[in-house]
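Reading through the structure tokens given below for one structure.
Where a number appears in this text, it was derived from the coordinates with a stated rule and is not lab data. All values derive from a computational prediction rather than experimental measurement. In this analysis, Cβ positions are derived from the backbone assuming ideal geometry, glycine residues included, and neighbour counts consider all displayed protein chains.
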Amino acid sequence: MSNSPFISNCTADAIRDAALALKAGHLVAFPTETVYGLGADARNPEAIKRIYEVKGRPTDHPLIVHISSLNQLDKWAIDIPEYAIKLARKFWPGPMTLILQRSEIAGDFITGGQDTIGLRVPNDPIAQALITEFEKISNSAIAAPSANRFGQVSPTSSADVFEELGQYLNDDDQIIDGGNSAIGIESTIIDCTRDQATILRNGAVTKKDIEVELGMRCLENSENPNVKFSGSFEKHYAPKCRIIIDTEEIAGAGFLALSDVETPLGMVRLASPKTTEEFARILYSTFRAADQAGLVSMVVFQPKGEGLTVAIRERLGKAAQGR
Ligand code: TXA
Ligand code: MG
């Protein structure tokens, strides 16, 4: 994958070509509005095996299957509760993944042997076009984890994907360029296999959004000790440099905070997002910039309050725990 790795001209031909590559068992990294995904045919065990190899990810960690619309839902899932349909109608296409009981066509090799499956309809136009085209020619869908090495920072541009995975990809694999991810952090994951919706990972669809839509309380994983969530006990989203939260004045450290927070003396300001949305959008690229600058540590003043800030603090907490 050494020469001209990015497909940036997303004509109908290019999308068709990428769909054909998926059909032939190759990998296609593609943009979504959350982060870039590393896609493969969700019904091809060999192709899925390569996702795990390229990511360096343990095979008991399940993958999210990306479908084009709500109409594909009952192909991949069974026993879908009414509240899950409500959420899907409201927030798809968008930054939300639903965990449901899997159907027969969802193999052990995508679910990590679990009897549940993660499903998402992304909103990004290139993702939409690719998934739709692939469904047309394959009677399948696109399984895709974030396109980074296991435990590392998710990519929010095609260049990030190449930096993470370029050396592990083959000449027949592709990376589709769709600019910078609009949201910048991964989708909200909601377990819909029990009586009440349970958030397993926070994201741009917030707890309040869910509760307003459903008219009932939504649990969080910590409130429900029965839910095991792979990945939740490990280091994740971590750059090489040490992330330190809400601590002042470490001379020479990188610094990230909302624009109304002044830079403490002696620190290297890396970004000044004006809003929570911008904070989420630039978070991972700022981690990468800190590593590229060779910084040993980076201090982050967390945005406070509810909504998207919850997801930002969740990622920062894991990144800080990583070192
Ligand atoms: O925004 C996103 O969700 C991105 C884009 C590419 O769609 N994808 C993403 O995938 O973040 P990944 O694999 O990096 O993270 C998905 C998380 C993993 O921690 C996985 O364990 C969890 O979702 N997951 C997937 N299927 C699951 C299931 N059946 N039960 C519980 N957790 C599941
Ligand atoms: Mg990931």
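Put the Cα centre of region 259-310 next to the Cα centre of region 166-184 and the gap is 24 Å.
For the chain, adding -39500 (n - 2.57) for each run of n ≥ 4 DSSP H residues and dividing by the number of residues yields -9500 deg cm²/dmol at 222 nm.
For a Förster distance of 22 Å, can you work out the FRET efficiency between the beta-carbons of R217 and I85, rounded to the nearest 0.05? All intermediate terms of the calculation are to be shown ahead of the outcome.
Numbers: r = 19 Å, r/R0 = 0.85.
Result of the calculation: an efficiency of 0.75.
In plain terms, the chain from V296 to D108 could stretch by 63.6 nm, reckoned as 0.36 nm per residue minus the Cα-Cα distance.
Near E33, once Lys and Arg are set to +1 and Asp and Glu to -1 for all other residues with Cβ below 13 Å from its Cβ, the sum equals -1.
Computed over the alpha carbons of the chain, Rg followed by Dmax gives 19.2, 59 Å.
Would you count, across region 25-140, every pair of lysines whose alpha carbons are under 24 angstrom apart, provided the pair is eight or more residues apart or spans two chains? Write out the running numbers ahead of the final one.
Details: K49/K75; K49/K136; K75/K86; K75/K90; K75/K136.
Qualifying lysine pairs in region 25-140: 5.
The lysines whose alpha-carbon is closer than 25 Å to the alpha-carbon of K274, local same-chain residues fewer than 8 away aside, are K207, K208, K304, K318.
Any idea what log10 I(q)/I(0) is at q = 0.12, 0.20 Å⁻¹ for region 1-116, Debye with uniform C-alpha scatterers and no solvent? So the normalised log intensities work out to -0.49, -1.27. For L200, the amide hydrogen comes within under 5 Å of the amide hydrogens of I189, I190, D191, counting only partners 5 or more places away or on other chains and with H modelled in the peptide plane. The relative contact order of the chain comes to 20 percent, based on Cα pairs under 8 Å that sit 6 or more residues apart.
The charge dipole of the chain, taken about its Cα centre with unit charges on the Cβ atoms of Lys, Arg (+1), Asp and Glu (-1) only, comes to about 340 debye. Taking other residues whose beta carbon is less than 14 angstrom from the beta carbon of I105, and scoring Lys, Arg as +1 and Asp, Glu as -1, yields -3. Toward the positive end of the charge dipole of region 106-187, about the Cα centre and with charges on Cβ (Lys, Arg +1; Asp, Glu -1), which of N170, T111, F150 goes farthest? Farthest towards the positive end: T111. Here the relative contact order of region 24-165, from alpha carbon pairs under 8 Å that lie six or more residues apart, stands at 36 percent.
Scan region 1-105 for GluC sites (Glu not before Pro) in coil per DSSP, keeping those whose Cβ has at most 11 other Cβ atoms within 10 Å, and list them by number. Intermediate results must be reported in sequence, preceding the final value.
Working: sites: E33, E46, E53, E82, E104; in loops: E33, E104.
Hits after loop and neighbour filter: E104.
The magnitude of the dipole of region 40-163, with charges of +1 and -1 set on the Cβ of Lys/Arg and Asp/Glu and taken from the Cα centre, is near 180 debye.
With neighbour counts taken as other beta-carbon atoms within 10 Å, the residues M267, M298 rank, fewest first, as M267, M298.
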